[in-house]
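Have a look at the structure below before the remarks.
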């Protein structure tokens, strides 16, 4: 016992020492920067006195930001995104020495929690990156402010940006604008094609071929376990988008009514058929399961899955996690209706009411927002992150279209749809649950789909009741 | 003061004629204990084994690494701020534990040994706080920390837990056991009221204090939601929050997670193994009085 | 008389001085925020918005309405939470008692076993949950590898709506087992040997010894553990959010708990009013259960 106590004492002494000298130092400097920034705006006697006292130690810092503005930019953590944004900020700060950008990021799963906590506390970003599907919620609460029309004229956005971006329009105004957009495409593993006796350069182009290939590519071991999976439905990944926005249309059913008030997945036979078509991979064809290898995406990395539907952002993570994977990317397979269609989505940048609270901040934030939505910024983004430029001109760059990997994504941009979401995660959850009900409890696919429609319709009704 | 969990008195429990059946019972006991023991350690062995595996071996189904390497450790330690997070966790857990040990025992002592109006109300109030799920208090806490500029500081991370209701309850139970005569005698000898607590009562409840310190250290070392909300700056994260960076939009780096897990768990295990007797006996005591 | 009173007064003043800071702390850090949450529970508050209109008991009514729908998340959350308690607490206590009794009987390696059983308790729940998530993996998880080695059918565990809750509860039991064992061991040591002697002279067999001597005399220990563990299981959160694929308490809401649901309402859907109302309900439940358990279980100790 005595040992324990004396150990504790040593620890106390050590830590208090460490705390005393190490920890607060960076804090102090940062705080001073913030104080400096306020000086020109509100000249108060008290504050100036404080500032003078503190400034003695950090004259250089003071001079640098004397006339400056500091704004905050938030996004979720993903190596490539963070890296690309840091480069952009570096360039921007070099061009605009009086604007300082604090770039903060959080684990993907916790990003929204952090935003939520920051708002009532009155802190948080001036510019936030958000998934476009969250916009109704964010706009509704008054968290985002509309983009100033003189800087971002709607006509300019509509003529120069991908039509996808129009998903950011509410009440006739634009509330956010992206650097990049992403589409879904078909990934295929060339080595597995070869092993199954298929031409590694010829991916399936129609849904029928897709099924046929998936069956051929599936390989079982002696125990009847999957050795190679043809295709596995990853409902928590991109498969729900595939169903919602693509398969429905390909089977002749528009997923949501024109006015976005009604969910129509089960409005006709086509919607049901599309759903059944997707469910059959696991129930009937047995071409794979999302439960092995910790999900289809991981399985694809491991070379255990031959066909995979995913977004352009996946290119970056494959390069990182499975650099030796021999794979190709093709446009989405075409369905019975013959309609060319894919799902497009984007993470977009919005100005928050924090930025709007101070004209100087707003000016700086708008300047930065314009900078990260230029052709040059987009070129850098596509290079580092693998997401497509949001501007049509940059996206129709012949080099990009000819790119063996990115080309397929870029080609599909003209016919990509972005679903209108009231609440993207609940919408997805409804389809995930419907799929799980079919696979895990053997529920009738049609009944499961009806239930999902009911749930999502309730979300929509609730939303439209107040709009 | 320490309860000896060791001492054995079975000889007297059973007659000589029962020796044989006793041996069988013992054998059965050992069998089940070993079986259970394996269940307890296998996950840890797997975790440590995985931390030495390259990413490509994760889905191969081998328990032990085929090509063991320290690459994962290199990546976790050098490419992230892991050492800093380590230090943060250590500082926060230590500071919070010191405060808890002091204040909880002081309040426990006061509630056990003084009579004053409002005592019961205060006690019930403190106990009541134990039943509120802290997940819900995060928002008001965060508003408070921002207003007071505590966000992204060590104090911000630890302040909700620098005094704990559970610890006060525990210490009150133990302080009740300190003989009143002893305190009165010391008081007559001219010991100050604080001295009565510090020099008379506190030394008598040392084992319970040790248990409280350990619980609290563990709780803080492992805390997740609050540190996540309150710290934004990368260099102010704690270990469990830092771990969350290894699991992304659709991919989970198992080999890195297990490496980070190993790094965060092993020092605690080492401390536990070294002090296990004291720790266990201290904790055993809490059960007797709680 | 006067002198005595003044001494008493002085002591009271000291008492107040000692608890002044902690009392202030509790008011500011615990009770204040709890009142804040109570206030939020009668408001509609999208956390991104500055407005919090008062809506009376609408949040509670809504929870009650949802609760009546057997398929709603709220209903599942409450059901599951009770399942966690009802399965978790007794299983953990029985296992812990059995192991404690065995440890009490053997003579060698006692401290080694004690230490081994205690290890999981020392480690972080997040880390533990990640490890077990892997342990339960289909095919490549060690448990399924063992099952297939033994020629038994592989199980889906966390991905099977019928097994997921049990799989998670098993981890919670596993992690808390060591703590309960230690407490039981200490309790066992407190039982005077003479009771056993007396019972044996009366001709009691092992089972009767356990029922008539050990269990009644362990009662305070059991009460302590039941209350403590019930609260722990009622507040299950970290294990579920880490071990289910989307942190959603799936598959099909089969593992979602009240605290997880509350968290998702507040931080996922930004419905703070509804989340706060759930907190209030859970608080009341925890309080009632704790009081009931203390009443019921302590009464039995008397004979």
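The values are calculated or read from the model by the stated rules, or taken from the named source; none is laboratory data. Every value quoted in this text rests on a predicted model; they were computed, and no experiment measured them. Note: ideal-geometry Cβ built from the backbone for every residue, glycine included; neighbour counts use all protein chains shown.
Is it the case that some residue within the range B:11-20 is in a loop (DSSP other than H, G, I, E, B), modelled with pLDDT under 90, facing chain C (nearest Cβ under 8 Å) and over 30 Å from residue A:303 (Cβ atoms)? Scanning the range B:11-20 turns up at least one residue that is in a loop (DSSP other than H, G, I, E, B), modelled with pLDDT under 90, facing chain C (nearest Cβ under 8 Å) and over 30 Å from residue A:303 (Cβ atoms).
Quick grid of which residues meet (1) in contact (Cβ under 8 Å) with a residue 60 or more places away in the chain; (2) buried (at least 22 other Cβ atoms within 10 Å of the Cβ); (3) within 11 Å of another protein chain (Cβ to nearest Cβ):
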{"residue": "A:285", "(1), (2), (3)": "yes, no, no"}
{"residue": "A:288", "(1), (2), (3)": "yes, yes, no"}
{"residue": "A:293", "(1), (2), (3)": "no, yes, yes"}
{"residue": "A:296", "(1), (2), (3)": "yes, yes, yes"}
{"residue": "A:299", "(1), (2), (3)": "yes, yes, yes"}
{"residue": "A:302", "(1), (2), (3)": "no, no, yes"}
{"residue": "A:305", "(1), (2), (3)": "yes, yes, no"}
{"residue": "A:311", "(1), (2), (3)": "yes, yes, yes"}
{"residue": "A:314", "(1), (2), (3)": "yes, yes, yes"}
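Inside the range B:63-121, residues that are farther than 25 Å from residue B:206 by Cβ and buried (at least 20 other Cβ atoms within 10 Å of the Cβ) make up a count of 6. Run down C:76, C:43 and say which single residue is under 30 Å from residue A:423 (Cβ atoms), in contact with a strand residue (DSSP E or B) (Cβ under 7 Å, 6 or more places away or on another chain) and within 14 Å of chain A (Cβ to nearest Cβ). The match here is C:43.
Among the conditions (1) under 17 Å from residue B:241 (Cα atoms); (2) at pLDDT 90 or above, residue B:116 misses just one, which is (1). Restricting attention to the range B:58-93, the residues that are within 24 Å of residue A:318 (Cβ to Cβ), in contact (Cβ under 8 Å) with a residue 24 or more places away in the chain and in a helix (DSSP H, G or I) add up to 3.
So is residue C:123 crowded, with 18+ Cβ neighbours inside 10 Å and either within 8 Å of another protein chain (Cβ to nearest Cβ) or over 22 Å from the mean Cα position of the chain (by Cα) (or both) or not?
Numbers: crowded, with 18+ Cβ neighbours inside 10 Å: yes; either within 8 Å of another protein chain (Cβ to nearest Cβ) or over 22 Å from the mean Cα position of the chain (by Cα) (or both): yes.
In short, yes.
Within the range A:168-180, the set of residues being over 14 Å from the mean Cα position of the chain (by Cα), outside any loop (DSSP other than H, G, I, E, B) and surrounded by fewer than 22 Cβ atoms within 10 Å (Cβ to Cβ) comprises A:169, A:170, A:173. Condition test on residue C:239, is it closer than 17 Å to residue C:137 by Cα and within 17 Å of the chain's Cα centre (by Cα)? It is true that residue C:239 is closer than 17 Å to residue C:137 by Cα and within 17 Å of the chain's Cα centre (by Cα). Filtering the range B:133-154 to residues that are assigned to a loop (DSSP other than H, G, I, E, B) and within 12 Å of chain C (Cβ to nearest Cβ) leaves B:133, B:137, B:148, B:150.
What about residue C:152, is it on the phi < 0 side of the Ramachandran plot and within 14 Å of chain A (Cβ to nearest Cβ)? Working first, answer last.
On the way: on the phi < 0 side of the Ramachandran plot: yes; within 14 Å of chain A (Cβ to nearest Cβ): yes.
Yes: the conditions hold for residue C:152.
So which residues in the range A:121-155 are away from chain C (no Cβ under 13 Å), buried (at least 22 other Cβ atoms within 10 Å of the Cβ) and part of a loop (DSSP other than H, G, I, E, B)? Those that are away from chain C (no Cβ under 13 Å), buried (at least 22 other Cβ atoms within 10 Å of the Cβ) and part of a loop (DSSP other than H, G, I, E, B): A:126, A:147.
State yes or no: is residue B:197 over 27 Å from residue C:257 (Cβ atoms) and either touching a strand residue (DSSP E or B) at 6+ places or on another chain (Cβ under 9 Å) or within 7 Å of another protein chain (Cβ to nearest Cβ) (or both)? For residue B:197, the condition - over 27 Å from residue C:257 (Cβ atoms) and either touching a strand residue (DSSP E or B) at 6+ places or on another chain (Cβ under 9 Å) or within 7 Å of another protein chain (Cβ to nearest Cβ) (or both) - is not met.
Criterion applied to C:67, C:140 was being out of contact with any strand residue (DSSP E or B) (no Cβ under 6 Å at 6 or more places or on another chain) and in a helix (DSSP H, G or I), and the one residue passing it is C:67. The numbered conditions (1) facing another protein chain (nearest Cβ under 8 Å); (2) crowded, with 21+ Cβ neighbours inside 10 Å are all true for residue C:84 except (1).
Conditions first: (1) touching a helix residue (DSSP H, G or I) at 6+ places or on another chain (Cβ under 8 Å); (2) not in a helix (DSSP H, G or I). Residue B:108 passes all but one, so which condition is the exception? Checking residue B:108 against (1) touching a helix residue (DSSP H, G or I) at 6+ places or on another chain (Cβ under 8 Å); (2) not in a helix (DSSP H, G or I), the one that fails is (2). Across the range A:433-443, not a single residue is classified as touching a strand residue (DSSP E or B) at 6+ places or on another chain (Cβ under 6 Å), part of a helix (DSSP H, G or I) and assigned by TED's automatic domain parsing to the domain that holds residue A:276. Within the range C:225-247, being modelled with pLDDT under 85 and assigned to a loop (DSSP other than H, G, I, E, B) holds for C:245, C:246, C:247. Scanning the range A:260-289 for residues that are assigned to a loop (DSSP other than H, G, I, E, B), over 18 Å from residue A:451 (Cα atoms) and touching a helix residue (DSSP H, G or I) at 6+ places or on another chain (Cβ under 9 Å) yields A:260, A:285, A:286, A:287, A:288, A:289.
Within the range C:92-99, is there a residue that is within 7 Å of chain B (Cβ to nearest Cβ), in contact with a strand residue (DSSP E or B) (Cβ under 9 Å, 6 or more places away or on another chain) and touching a residue at least 12 places away in the same chain (Cβ under 8 Å)? So far as the range C:92-99 goes, no, none of its residues is within 7 Å of chain B (Cβ to nearest Cβ), in contact with a strand residue (DSSP E or B) (Cβ under 9 Å, 6 or more places away or on another chain) and touching a residue at least 12 places away in the same chain (Cβ under 8 Å). Restricted to the range C:266-293, and to residues there that are modelled with pLDDT under 85 and loosely packed, with under 14 Cβ neighbours inside 10 Å, the residue that is nearest to the other protein chains (Cβ to nearest Cβ) is C:291.
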